[in-house]
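One structure below.
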Amino acid sequence: MKIAFSIALGSVLAGSAFAGTIASFADPTSSASQSMFVFNTTTNVLTGSYTGTGLTVLTPGLIGGGSVSNAKFTTSAIGFTAIPGSSFYTGGAGQVRFYTDDVNNPFMVIDFTGATLFSPIVFGASEFTGASTVNISGPNVPGGLSGEQFSFSLANPVANGNMISYTSSFTSSAVPEPATMTALGLGVAALIRRRKKS
């Protein structure tokens, strides 16, 4: 515990920013037949959604922290272009909305001006990430974030004609604003002093 406190305090006092997890989820599906993403190999369009049950989004970076049970998500359709001689595809702008009951009342929204898709048509793991500008917002998302990032790890590819479906896990992170990090550092320093006195 003391080592973790020292690392956090050192990062704050040195003025360097470290990214913290905003939200994440593990793959909630019980089989590859319960897909969360579909990639069309003819049009190179990726779509994603999950409206089933059992998806718990851990939200350590949201105000109040905790988790959201039986969460759902949907993404806009994103067109991709293959980069010749590589396993990467680049894509355009899009949005991911996380919600519980009403897609129009999300608890977290991720907007991005570009995206990257890695190895969408090969066996094994693939990855869909935000590129360029990523903005995470929502009623409990703290202000002043920078360096926002997100990543969906796509797994269990199943080909059906020109469509490949995947299950997925997810993580997002951001750098807290300097004032928040300073307050955290001062709180940790006070806690360390209090522990030394006792």
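The values are calculated or read from the model by the stated rules, or taken from the named source; none is laboratory data. These numbers come from a predicted model, not from an experiment. When we count neighbours, we look across all protein chains shown, and the Cβ atoms used for this are built from the backbone with ideal geometry, even at glycine. These area figures cover heavy atoms from the full protein model, side chains too; ligands, DNA and RNA do not enter into them. Shrake-Rupley method; radii C 1.70, N 1.55, O 1.52, S 1.80 Å.
Scanning the stretch 111-142 for residues that are outside any strand (DSSP E or B) and open to solvent by 50 Å² or more (accessible area, probe 1.4 Å) yields a total of 6. Hey, can you tell me all the residues within the stretch 143-158 that are closer than 25 Å to residue 54 by Cα and either open to solvent by 20 Å² or more (accessible area, probe 1.4 Å) or within 11 Å of the chain's Cα centre (by Cα) (or both)? 149, 150, 151, 152, 153, 155, 156, 157, 158, listed by residue number. Regarding residue 96, is this residue farther than 26 Å from residue 163 by Cα and open to solvent by less than 30 Å² (accessible area, probe 1.4 Å)? Against the criterion (farther than 26 Å from residue 163 by Cα and open to solvent by less than 30 Å² (accessible area, probe 1.4 Å)), residue 96 does not qualify.
The selection criterion, being in contact with a Lys or Arg (Cβ under 9 Å, 6 or more places away or on another chain), of a type outside the set (Phe, Trp, Tyr) and under 21 Å from residue 50 (Cα atoms), does not hold for residue 163.
To keep it simple, each residue is scored yes or no on (1) under 16 Å from the mean Cα position of the chain (by Cα); (2) closer than 30 Å to residue 161 by Cα; (3) at pLDDT 95 or above.
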site	(1), (2), (3)
15	no, no, no
34	no, yes, no
40	no, yes, yes
45	no, yes, yes
63	no, no, no
76	yes, yes, yes
